[in-house]
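The values are calculated or read from the model by the stated rules, or taken from the named source; none is laboratory data. Treat the numbers as computed from the prediction; the structure is a model and nothing was measured. FYI the Cβ positions are ideal-geometry reconstructions off the backbone, even for glycines, and counts take in every protein chain you see. Calculation scope for accessible area: heavy atoms of the full protein, side chains included, ligands and nucleic acids excluded. Shrake-Rupley method; radii C 1.70, N 1.55, O 1.52, S 1.80 Å.
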Amino acid sequence: MATAAYPGWMIDCKTEVTKSKEWSTVTRELHAAIEQELTESHVAQFTDLSEAEKRLLMNRAANAIQHGDAYKSFNSKLSTFLDHYLNNYVGQQLLEEFPSESKTDLILHQVREGAFGLLRRWPEMKCKLHLCFNQNLPDRLRQMAWKLNLRNPKARSSYLEILKADPNSAMSVMDLDIIHKCEILLQAEPTFRNLSHNADILHAMKAVLSYHHARKNTQTSLVDTDYMLVIPFIVHLLTTLRPDQLVAENCRALLIEEYITFMATRPLYMKEAFNPESNAAMQNLISTVADILERHGSKLARHMQKTFKAANNLEGQEALLEGLKSLIRPMVRCMFVGYLTLDTVLYIWDQHIIGLDTPIYDIVPTMAAVVLKLLNQTLMECSTLYGMEEALKRDASSLTKEQFMYEINKHFYQDLFTILNKDHGRLPVLDPTQMAMPWSQWNKNVIPPNLTAQDRQQAREQRQSKKQRELYQRHQEEEERHRQKHEEKHQREQDEKDKQNLEKLLQQERQEREKHDRQTKQEIDVLKKEIDRLKMIQQPSNRPGSLSEPSSQGRQPDSPPRTSSGDADRGDRTGAEKTTKDMLNHFANGARSLGGQSQ
């Protein structure tokens, strides 16, 4: 399991438990029980079962061994480890962190954190929340309980898909009318005063109701109870979130998921009156409330019967039932929203939601009877049905959740707790006044106590010195991190400068090379022209009309031979040819040299 989801003491406890011989023994017995269940069910392999069948078989096997000695020894060892590691962890907190809370508060906080981790890992264990019946749930535990019991991935994914494909499809055609009614409700209802004049709360409420109306695909407007029933979902998230966070997509999706699921699974008597099943369910609820009043508030029941008889011209029990229906039906249909304070409403909704996995459990009739019982004196002074309705609407908001918890604990706890856990196995009901606490180290310290003032002062000084060293070390580490960041930043800047300089040098070198190439090309062109000119000079002169030497046949015998001038002409031509060749070789070597430099 992911260690980040659990407190440290729970991880340590798990490690020690899995090393114990009691764990080895109980796992062997569990495996044997599973094998026996597979044999009796004629199943060859455990892997052949579906997930639901696996859980059912595991539960049967666990129930088969939970009364044996091995299970009891393991449970005792587990309790000892929990006692040891939890108290050591909290004791260390008291010594090192100087918390303002007491040891009991710290232990309860750590237990809650452990419970959160277990419920996140195994949501099917939500039935363990039945142990919180008639308790004031902490804010985070309430959110966890509501999220687990109102979980509906299909409704959530459907909303997100619609929102992604076409956001306008998630809005009702009566969107403006809905937000107008939401604003009027928040400002007019006294119990909602803290929610009014906040645009984020208003838009979150409107988003839920607008999507709800769009899903109904009807042209008729929503009924008042639809508006009232969205309020608790807004309030229970506001205990840990800011109002501006409600309009975020994930929060809106959670609100819609819980609201849609609640509206679909709410009792029939909370639904529209034109439904025959709803009317029948309402009659059953009224009968239950009347029976409770007659058992625990007979004087009030007789007064109501007499008052309702005059109002409805009915007799006996029929008059009581008909009057109670008119009196409490509006309160029941909105599940006390608008009648009681929001804090008390959340307490009642907690008791209802943790029992959603038990169909036969229904807390609403009992809570309705408790409201009337707590307002006994006020209702006894009313002589008409209308007066009772006004008194209920006016004075119910003065009731506190502590009053409800007291009445439930005094008159109804055992019956309701039994019904709540009827199909979920046997859960212990602990009365701290009648039995000893199972843990023995609640008041033990991790270290021996300091007996003298000097020892206590020395211990405090040591803790303070240790704390100062840790603070100094953290400060040094922080400075080192800042220094490293500064060096890295400086190095990045220097690298960037070097890169820019290199790019500039490369650009300059590229420009110089291009200039040199142009000059080389020009010089080569000049040399080529000069070579061509010299080649023209080197060729012999054969122009027409030039004088040729006389032939030897036409020369007179007695004339002396002209050897010296002819030899001189040939010598001049030979020298000119040699000079031309030398110049050609010189220019060719120069051209090759310039060409090599350009390359």
Say a paramagnetic label sat at a point 7 Å from the Cα of Thr418, along Cα to Cβ; which residues of the stretch 129-152 have their backbone N under 14 Å from it? none
32 Å Cα-Cα threshold exceeded, pairs from Lys271/Lys422; Lys206/Lys401; Lys147/Lys410; Lys181/Lys325; Lys181/Lys306; Lys499/Lys528: Lys181/Lys306; Lys499/Lys528
Can you tell me the accessible area per residue over the stretch 280-328, all protein chains present, probe 1.4 angstrom, in square angstrom? 48
Could you pull the accessible area for Ser210 with a 1.4 Å probe, rounded to 10 Å²? 0
Would you kindly find the accessible area of Phe308, with a 1.4 Å probe and non-protein molecules such as ligands, DNA and RNA excluded, rounding to the nearest 10 Å²? 0
In the stretch 248-321, taking the dipole from +1 charges on Lys and Arg beta carbons and -1 charges on Asp and Glu beta carbons about the Cα centre, the listed residue (Leu321, Met304, Pro267) farthest towards the positive end is Met304
His516, His130, ranked by accessible area, largest first (probe 1.4 Å): His516, His130
Starting from the Cα of Lys504, draw a straight line to each of the lysines and keep only those under 29 Å, dropping any in the same chain fewer than 8 residues away. Lys485, Lys489, Lys515, Lys521
Between the modelled labels at Leu505 and Thr239 (7 Å from Cα along Cα→Cβ) the distance in nm is 7.0
Leading residue at positive end of dipole, the stretch 1-160 (Cβ point charges), from Asn88, Leu137, Ser41: Leu137
Could you tell me the accessible area of Lys309 in Å² (1.4 Å probe, neighbours in place), rounded to the nearest ten? 90
What lysines sit close enough to Lys535 to cross-link, taking a C-alpha to C-alpha distance under 19 Å and skipping anything fewer than 8 places away on the same chain? Lys578, Lys581
Order His203, His31, His42 by their accessible area, 1.4 angstrom probe, all chains in place, largest first. His42, His31, His203
In what sequence, largest accessible area first, do Tyr89, Tyr347 appear using a 1.4 Å probe? Tyr89, Tyr347
Total charge of the residues flanking Cys334 in space, meaning their Cβ is under 15 Å from its Cβ, with Lys and Arg +1 and Asp and Glu -1, is +1
